[in-house]
1. For a quick check of your reading of the model, give me the residue pairs whose first member lies in segment 87-100 and is hydroxyl-bearing (Ser, Thr, Tyr), whose second is open to solvent by 60 Å² or more (accessible area, probe 1.4 Å), with beta-carbon atoms closer than 9 Å and at least 6 apart or on different chains.
2. Considering each residue of segment 93-104, count those that are surrounded by 15 or more Cβ atoms within 10 Å (Cβ to Cβ) and in a loop (DSSP other than H, G, I, E, B), and give that number.
3. Any residue in segment 53-68 that is touching a residue at least 40 places away in the same chain (Cβ under 8 Å) sitting within a Cβ distance under 9 Å of a residue that is open to solvent by less than 60 Å² (accessible area, probe 1.4 Å) and polar (S, T, N, Q)? List the pairs, counting only those 6 or more apart or interchain.
4. Of the numbered conditions (1) among the small types (Gly, Ala, Ser); (2) assigned to a helix (DSSP H, G or I); (3) out of contact with any Phe, Trp or Tyr (no Cβ under 6 Å at 6 or more places or on another chain), residue 172 satisfies every one except a single condition; which is it?
5. Since residue 114 meets every condition but one in (1) within 28 Å of residue 268 (Cβ to Cβ); (2) touching an Asp or Glu at 6+ places or on another chain (Cβ under 9 Å); (3) of a type in the set (A, V, I, L, M, F, W, C); (4) open to solvent by 30 Å² or more (accessible area, probe 1.4 Å), which condition does it not meet?
6. Going through segment 118-169 one residue at a time, which ones are touching a residue at least 12 places away in the same chain (Cβ under 8 Å) and either among the basic types (Lys, Arg) or in a helix (DSSP H, G or I) (or both)?
7. Please go through segment 149-182 and pick out each residue that is open to solvent by 20 Å² or more (accessible area, probe 1.4 Å) and among the β-branched types (Val, Ile, Thr).
8. So which residues in segment 242-255 are under 24 Å from the mean Cα position of the chain (by Cα) and not aliphatic (A, V, I, L, M)?
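The values are calculated or read from the model by the stated rules, or taken from the named source; none is laboratory data. All of these numbers come straight from a predicted model, not from anything done at the bench. Positions of Cβ are generated from backbone atoms using ideal geometry, with glycine treated the same way; all protein chains shown enter the neighbour counts. SASA here: full protein model, heavy atoms, side chains in, ligands and nucleic acids out. Shrake-Rupley method; radii C 1.70, N 1.55, O 1.52, S 1.80 Å.
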Amino acid sequence: MAFKRLYDTAEAVDLCPEFSLYLKPISRITVSVALPHLKTPGKSISNWEVMERLKAMVHPEQFSSLRISKSSMDYLRFEGEVENRSAVKRSLAKLEGKSIKLSGFTDVLKIRAVEHKTDFPTRHDWDSFFRDAKDMNETVPGERPDTIHLEGLPCKWFSMKDGAPDRPSEEALRTVFQRFGKIRNVDIPMLDPYREEMTGKNFNTFSFGGHLNFEGFVQYQDHTGFVRAMDSLRGMKLMFKGDDGKAVACSIKVTFDTTKHLSDSSLKKRQQERLKLQELEKQREEQKRREKEEEERRREEERNLESIRLIAELLSRAKVHFITNITCFLSHSTAIAAGHYEMWNPVIKRESLWNATEF
């Protein structure tokens, strides 16, 4: 949901001042412009020119947003938003039944303007649903009209001051919506680490502008709280006023729960699934631990084998070096011995000759 800056907050009503949250009436109008039959080939209507003419017609009122919601050969339909409800009435008075003439066209374009109808369930909707549902028991909490389902809630608006700004809190959700009645239970699926695996649904959603939104369920203890909440939220958008006084608003989707989301049977089923997933997670972690230990053991064996190989290689080199040194030593010793023999050999010969002469 898109965030819009608000300049007129006079119509805002308190939702939860503790969290600086308010409700502001949705101020939208639907404008339909009938198009003439184009007789000249290649000639077309400028959507931009039509929008500019509409803006000029409501002046001094201003559209905070104006967009084309549907386009056909016969008409253009616009959805415009103004600052407040009184501006809706004044803008409708300036547009309904009027006509505009575009440059280059002789035909005038008729305008129809009505207040935009919000898509919001009525008491008849939930009463008839739960009355006709064959698998619902209206005496059982969660199987009767007691739970509202909200989508597009900004995470940072429902975060605790001492918590992460992008992480909503069930305590905050409960605090905000308990003004309509006593609450039996609340649930924010994105806070459950196993919910996405249970449902196959991604609960982290981003709005235009990159703001993280979430969905939540609020279950009231009695029917009165539920009805008061639905009636108070009908035709409203959520507004946040910062410490600097600046106000921004966003549209949220509000419906009544039709899935028994917070019934005891659903809570029990999710808890059983959660326990199974936790057990599977433990098994996966244990498997990873064993694989890690096996990998460490294998690496240790490889390191030991490598150490043995290096030691053997060193010993082999030492042996070769030792044998080489011994060989050199023996060769050197032999050479020395031979040299001494050659040096003393004449003396020995003379002594031998002298001894022989004496005899």
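1. 99/108; 99/110
2. The number of residues fulfilling the criteria is 2.
3. 57/91; 64/27
4. Only one criterion in (1) among the small types (Gly, Ala, Ser); (2) assigned to a helix (DSSP H, G or I); (3) out of contact with any Phe, Trp or Tyr (no Cβ under 6 Å at 6 or more places or on another chain) is unmet by residue 172, namely (3).
5. (1)
6. Once the filter is applied, which keeps residues that are touching a residue at least 12 places away in the same chain (Cβ under 8 Å) and either among the basic types (Lys, Arg) or in a helix (DSSP H, G or I) (or both), segment 118-169 yields 123, 125, 126, 127, 129, 130, 144, 155, 156, 157, 158, 167.
7. The one that is open to solvent by 20 Å² or more (accessible area, probe 1.4 Å) and among the β-branched types (Val, Ile, Thr): 175.
8. 242, 250, 251, 253, 255
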